[in-house]
């Protein structure tokens, strides 16, 4: 195994451990580093398949925790935006895509860090007109997911206000990622862009995903939700700044 693949595997291990704990984050955390090691196109496709495998595991093993009503709402708005993102993924140059992802990470991270740091209690559940801006965020999240398979941060803005139980939060989001990534992976297969070299790279990364699932399950019920959220978005912010500077 080459040094680049080994380093990519370590990134996959760390990011998939985090997603195994929270239900989101592996692609948006991992793609910047895996892209630098393996290239944007390979990284996006490989990470999409790996995220799909992890999410499918939790859908099957934690099925009883899924909130199907909220899943339906989230999926509806994201599916409206995802075709736009999938078009942009194919139309833009790699450098433009990379810079867009960097700014996306920085903005979302700052917003989340401010919200979590100043939050003194659980925010009220969304209802009435207050939910409309969050539906727009879900639509934008669909666009981002179509480009990078990483619309998670915008979805979390909505899900954190509607899915209060940690296990329900994780399982419902995993069903969403399974659905959306099944669509994206199907387009890769139909158009023939999931080449043998990408498939080989994906296969090499699978053991790292399995270890990440094992580690994430171990700490899921022990982690402090607020502190962990702060850590995740601090890491996202550092990642975005690194991408912009270097």
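The numbers here are math on the coordinates, done by the rules we state, and not lab data. Since the structure is predicted, the reported quantities are computational estimates derived from the model, not experimental observations. Note that we place each Cβ from the backbone using ideal geometry, even for glycine, and neighbour counts take in every protein chain shown.
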Apply the Debye scattering formula to the range 6-133, with a single equal point scatterer on each alpha-carbon and no solvent, then give log10 I(q)/I(0) at q = 0.09, 0.15, 0.22 Å⁻¹. -0.34, -0.98, -1.49
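By per-residue mean of other Cβ atoms within 10 Å, what is the highest-first order of 185-197, 40-52?
Values: 185-197: 11.8, 40-52: 23.5.
Ranking the peptides 185-197, 40-52 by packing returns 40-52, 185-197.
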Under the definition of Cα pairs under 8 Å and six or more residues apart, what whole-number percent is the relative contact order of the range 118-220? 18
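Run lengths n ≥ 4 of DSSP H only: what is the helix-derived mean residue ellipticity at 222 nm for the chain, with -39500 (n - 2.57) per run over all residues, to the nearest 500?
Numbers: 10 runs with 200 residues, N = 246.
Dividing the helical sum by the residues of the chain leaves -28000 deg cm²/dmol.
Go ahead and run the numbers for FRET between residue 218 and residue 4, Cβ-Cβ distance against an R0 of 35 Å, rounding to 0.05.
Numbers: r = 29 Å, r/R0 = 0.82.
After rounding to 0.05, the efficiency reads 0.75.
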Sorted by mean Cβ packing within 10 Å, highest first, what order do the peptides 134-142, 29-37 take? 29-37, 134-142
Points 7 angstrom from Cα along the Cβ direction at residue 230 and residue 183: gap in nanometres? 3.7
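Quote the Stokes-Einstein diffusion coefficient, in whole µm² s⁻¹, for the chain, based on the Kirkwood radius over alpha carbon pairs, a temperature of 25 °C and a viscosity of 0.890 mPa s.
Numbers: Rh = 17.9 Å.
Answer from the Stokes-Einstein relation: 137 µm²/s.
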Provide the FRET efficiency to the nearest 0.05 for the residue 211-residue 99 pair, computing r from the beta carbons and using R0 = 30 Å. 0.40
